Amino acid sequence: MNSNPSFEDRWQRAATVARQGMEEAYADLPLGFHTRVIAHWQAAPVEPWEDLLAVFGGRALWIGLAACLAAGAFALADWYDTGISRPELEQNVTMEAWVPTW
Amino acid sequence: MQDAFDVTVCVQRVKTGDLSAANALIDHLNPLVRRIVRNHLPRRGSEEDLMQEVFVKLLQKLEGYQERAGIPFDHWVSRLTVRTCLDALRAERARPEWRWADLGEGQEQWLEFLMNQAAPAPEASSSDALAVVTQLLSHLSPPDRLVLTLLDLEERSTLEISQLTGWTRPMVKMRAMRARRKLRQIAQQVMKSEFEKPS
């Protein structure tokens, strides 16, 4: 048996004893509580888009940010490729080809 | 014999705007909501105010609630309550310093026990243990506090916590492990303050 319990073991012991001190939460609701709740509910019913925003808001932000970064990376890669891979000769030839011969 | 409360019927009646059904639903959910709110109440928060916020949200979102097989209504309510509490904890910015001098004798014994391997298990009351445990938890970040309260005080499984919070089970385990490490650091800080003289 381990005679020197770790912090984790001692924490669990303290939590076990603490649980015994937790009150049972079965008090009655105060007078007027129901009225206040129902008044707030009826004063501001939730809009469906608020629910959607709550569910997808955080995720949409991250997805949007990732999409922006990906688009930026593609644009940069494309610009870099264009700069190094286009042969200068090809441009000259193309330009010459456009010179009218008449 | 008293008839059992039929949640499904009551929810349907609330959706049609029946106010007496809304009152009955609030009464029925009171113990469940109160227990969660009490365990996750911000330091300066009022239990009644937070419960009111939970019930208002619950009634507002009830229209969108759809019963799914195997998922009781209580789970939906617990999840909504836990999320509301987490928001309230996040809104609480200031966490006042906690020093050795603030502790009572029984609380000192529990903190000593936590930090000193040679210290015997205290005979101090469970309310002292609860005070120390609650104080330590209140110095964690809101998600860390939430996960340890659910896991160690409410004895919920990682699966339940995952369902309540929307975090994955490995994330719950990882967060709990880190949170306990942070608890140890916080307790060490408080112990250190025993030897510091106020300037």
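The values are calculated or read from the model by the stated rules, or taken from the named source; none is laboratory data. This is a predicted model, so every value here is computed, not measured. Here the Cβ positions follow ideal geometry from the backbone for every residue, glycine too, while neighbour counts run over all protein chains shown.
Using the structure shown, decide if B:L32 is under 22 Å from A:G21 (Cβ atoms) and either surrounded by 14 or more Cβ atoms within 10 Å (Cβ to Cβ) or outside the structural domain of B:V133 (by TED's automatic domain parsing) (or both). Reasoning before the result, please.
Working: under 22 Å from A:G21 (Cβ atoms): yes; either surrounded by 14 or more Cβ atoms within 10 Å (Cβ to Cβ) or outside the structural domain of B:V133 (by TED's automatic domain parsing) (or both): yes.
So B:L32 passes the test.
Kindly indicate the residue of segment B:147-191 that is in a helix (DSSP H, G or I) and of a type in the set (V, I, T) and also surrounded by the fewest Cβ atoms within 10 Å (Cβ to Cβ) among those meeting that condition. Before you say what the answer is, go through the steps one by one.
Quick first cut of segment B:147-191, residues in a helix (DSSP H, G or I) only: B:147-153, B:158-165, B:169-191.
After this cut, where a residue has to be of a type in the set (V, I, T) as well, the list is B:147, B:149, B:158, B:161, B:165, B:172, B:186, B:190.
Working: B:V147: 28, B:T149: 25, B:T158: 18, B:I161: 24, B:T165: 19, B:V172: 22, B:I186: 16, B:V190: 23.
Step by step, filter segment B:147-191, then rank; the result is B:I186.
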Residues of segment B:37-73 satisfying the condition of being of a type in the set (D, E) and under 16 Å from B:I26 (Cα atoms): B:E47, B:E48, B:D49, B:E53, B:E63
Find the residue count for segment B:12-53, including only residues that are touching a residue at least 24 places away in the same chain (Cβ under 8 Å), within 9 Å of chain A (Cβ to nearest Cβ) and more than 14 Å from B:V82 (Cα to Cα). 2
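A quick yes/no check of all residues on (1) at pLDDT below 85; (2) part of a helix (DSSP H, G or I); (3) over 20 Å from B:Q188 (Cβ atoms):
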residue: B:Q66; (1), (2), (3): yes, no, yes
residue: B:L86; (1), (2), (3): no, yes, yes
residue: B:A121; (1), (2), (3): yes, no, no
residue: B:V133; (1), (2), (3): no, yes, no
Condition check: more than 10 Å from every other protein chain (Cβ to nearest Cβ) and under 21 Å from B:S78 (Cβ atoms). Does B:K182 satisfy that? no
Residue check for B:Q117: within 9 Å of chain A (Cβ to nearest Cβ), surrounded by fewer than 16 Cβ atoms within 10 Å (Cβ to Cβ) and either of a type outside the set (S, T, Y) or at negative phi (or both): yes
Would a scan of segment B:89-97 turn up a residue that is within 14 Å of chain A (Cβ to nearest Cβ) and out of contact with any strand residue (DSSP E or B) (no Cβ under 6 Å at 6 or more places or on another chain)? yes
Could you please give the count of residues in segment A:10-55 that are over 31 Å from the mean Cα position of the chain (by Cα) and modelled with pLDDT under 75? 5
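Per-residue answers, yes or no, for (1) touching a residue at least 40 places away in the same chain (Cβ under 8 Å); (2) under 16 Å from A:D9 (Cα atoms):
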| site | (1), (2) |
| --- | --- |
| B:D102 | no, no |
| B:E105 | no, no |
| B:A118 | no, yes |
| B:A121 | no, yes |
| B:S127 | no, no |
| B:S138 | yes, no |
| B:R145 | yes, no |
| B:D152 | no, yes |
